[in-house]
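Data block below; observations after.
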Amino acid sequence: MSSKTKQYQFIKAVATLTGTTIGAGVLAIPYAVYIAGYWVGVLYLIILGIVMIVLSLMLGEVVLRTKKNLHIPEIIKLYLGKKGYIVALTALFILIYGAMAAYIRGAGDIMNYIIPAQSFNWSIVFFAIVTYFIIKGLKFVSQWNIIFVSGMVLIIITIWLKVIYSQDIDWTQFNLQPTNTLTQLAQPYGVILFSYFGIITIPHIKTILGKKSEQMESVITLGILIPILLYSVFVSLVIGVAGKDITPLAIISLGEKLGSQVLIITSIFAIIAMMTSFIAMGLSMIESYMCFGKLKRNVAIILTTFPPMALLVFDWARFDTIIQYVGGIGVSVISILIVLTFWRAKYKGEVPPAYSLGHFKWGGIIMIIIFTLGAISLFV
């Protein structure tokens with residue numbers, strides 16, 4: 001294998017993880033951070049970012065200890081048994097259905113702000129488009145990850161340089177301290193955890209790397225460090241520009257302050273992010289129904305697309321609230337299961353991995369406590 005091929009595999013693997021991680025959840029982070037207080041929010045970004053790097057490295061080690069290329073629920077079933085498998089599937093269903101509902105709602109709100117025609121109507125248009133792609137089975141999402149990630153980074157850096165050069169950013173906004181109740185302090189947890197959850201693609205990264213599995217550790221670390229840095233810059237940009245006028249959908253805040261051109265450019269990438277995430281999750285859900293439930297594809301498509309739309313029809317919640325709860329509950333449960341799976345794989349692993357974190361007993365216990373308290377805080 002040539003050095004250029006190895007480099008391409010590495011870049012593709014990093015872009016796949018980063019592209020899966022950076023989704024529509026980023027649009028809800030600035031508002032959640034503002035509610036909790038800027039510096040509290042930054043602390044969330046850093047701590048949860050580090051936790052997700054470690055969790056991803058744990059899963060990466062488990063994947064390398066396993067002979068077959070399995071999805072996360074199947075990996076959990078292999079090491080924790082049927083009960084763990086059922087819990088994992090339930091948590092993933094909550095996470096995916098909730099995320100898909102949030103994307104439908106968020107896309108409608110964004111399009112309605114650009115071209116007023118009622119958010120619900122635009123949501124139906126968005127739903128029709130992504131459902132068509134799902135029915136056709138267009139698995140083009142991963143092919144665009146490098147372009148998407150590069151474009152998102154370029155846009156955020158360009159806007160950041162623009163506001164600094166034109167002095168549109170107000171540095172005093174970072175010292176604003178909203179009333180910090182326990183509920184407000186806990187608000188960033190679910191949103192940020194959801195926004196870091198690209199872990200579902202790690203089994204696929206093993207396939208991308210092939211025999212170069214020793215690169216898995218570097219791919220995971222870099223693939224999540226990029227979102228940490230990108231989110232930090234984006235949050236600072238939105239809060240610094242919008243301040244007290246910040247809205248639950250961050251790009252609307254930027255558009256109101258920086259003009260229609262910025263709004264249109266950022267909206268295009270936001271909607272693309274929602275579309276690619278929705279399609280990827282939809283196809284994954286259909287595959288799960290067909291594989292685990294032994295259902296026909298047409299039935300699987302109906303079961304995949306109907307529930308998110310039903311949540312929208314019943315006006316369950318706004319975009320950021322959905323992200324907060326599905327992230328805080330769904331991601332927390334799956335993360336705890338991954339820690340337990342990591343411990344079990346140390347003894348039941350099938351092959352030696354390319355890297356090992358050690359037993360990581362106390363670190364794992366601390367992570368389980370964080371995920372448990374974080375999920376409970378949503379109901380306090």
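Cβ neighbours within 10 Å, averaged per peptide: list 28-41, 190-203 in order, most packed at the top.
Order by mean packing, descending: 190-203, 28-41.
Return the ratio Rg/(2.2 N^0.38 Å) for region 173-280, where Rg is computed over Cα atoms only.
Computed over Cα atoms of region 173-280, the ratio equals 1.33.
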Review point. With point charges of +1 on the Cβ of Lys and Arg and -1 on the Cβ of Asp and Glu, referenced to the Cα centre of region 3-377, which listed residue (V40, G190, I75) lies farthest in the positive direction of the dipole?
Key: I75
Exercise for review: Using every pair of alpha-carbon atoms in region 23-112, split the distances into 10 Å bins beginning at 0 and state the percent of pairs per bin, rounded to integers.
Suggested key: 14, 28, 34, 20, 3
Study note, to complete from the structure: Under the 7 Å Cα-to-Cβ spin-label approximation, I369 and R297 lie apart by a distance in nanometres of 5.0 nm
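Would you please put 365-371, 275-281 in order of how densely packed they are, using the mean number of other Cβ atoms within 10 angstrom per residue and starting with the highest?
In decreasing order of mean packing, 365-371, 275-281 become 275-281, 365-371.
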Review point. What pairs in K68/K211; K67/K348; K68/K361; K12/K68; K77/K346 have C-alpha atoms more than 18 Å from each other?
Key: K68/K361; K12/K68
Review point. Near N69, within a Cβ-to-Cβ distance under 13 Å, what is the net charge of the other residues, with Lys and Arg +1 and Asp and Glu -1?
Key: +2
Check your understanding: For region 240-380, rounded, prolate or oblate, judged on the Cα gyration tensor with a ≥ b ≥ c (square roots of eigenvalues), a/c < 1.5 rounded, else prolate if a/b > b/c?
Key -> oblate
Review point. Can you run phi through the Karplus equation (6.51, -1.76, 1.60; θ = phi - 60°) for region 212-219 and list ³J(HN,Hα) in whole Hz, with x for Gly and Pro?
Key: 8, 5, 5, 7, 4, 4, 5, 4
**Study point:** Hits among lysines - C-alpha to C-alpha of K162 under 28 Å, sequence gap 8 or more where chains match
**Key:** K244, K257
Study note, to complete from the structure: Those trypsin sites (Lys or Arg not before Pro) from region 48-117 that are DSSP loop and have at most 14 other Cβ neighbours within 10 Å turn out to be K67, K68
**Study point:** region 224-232 - phi-based ³J(HN,Hα) in whole Hz, Karplus 6.51/-1.76/1.60, Gly and Pro as x
**Key:** 9, 4, 4, x, 4, 5, 5, 5, 4
Study note, to complete from the structure: Full extension between S356 and L229 adds, at 0.36 nm per residue less the Cα distance, a length in nm of 43.1 nm
Point to revise | the chain - mean residue ellipticity at 222 nm from DSSP helices (-39,500 (n - 2.57) per run, n ≥ 4, rounded to 500) | key: -25500 deg cm²/dmol
Review point. If all Cα-Cα distances of the chain are sorted into 20 Å bins from 0 onward, what percent lands in each bin, rounded to whole numbers?
Key: 29, 60, 11
Study note, to complete from the structure: Scalar couplings 3J(HN,Hα) for region 51-57 by Karplus 6.51 cos²θ - 1.76 cosθ + 1.60 (θ = phi - 60°), nearest whole Hz, x for Gly and Pro, are 4, 6, 5, 4, 4, 5, 5
Practice item. Extending each Cα 7 Å along its Cβ direction at V125 and Y165, get the distance between those two points in nm, one decimal. Key: 3.2 nm
Revision key, fill the gap. Placing each pseudo-label 7 Å from Cα in the direction of the beta carbon, Q261 and L340 end up separated by a distance in nanometres of 5.4 nm
**Study point:** Cβ charges +1 (Lys, Arg) and -1 (Asp, Glu), total dipole of region 3-377, debye
**Key:** 1580 debye
Exercise for review: Choose one answer from L161, L78, L57: the residue with the largest mean-square fluctuation in a GNM of the chain with alpha-carbon springs under 10 Å.
Suggested key: L161
Point to revise | Radius of gyration and maximum dimension Dmax of region 327-380, Cα, Å | key: 13.1, 44
Check your understanding: Which of the lysines could a cross-linker bridge to K296, judged by Cα under 23 Å and excluding same-chain residues fewer than eight apart?
Key -> K136, K139
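Quick note: the coordinates plus some simple rules give every number you see, no bench work behind them. Model, not experiment: these values are computed from the prediction. Here Cβ is always computed from backbone atoms with ideal geometry, including for glycine, and neighbour counts include all displayed protein chains.
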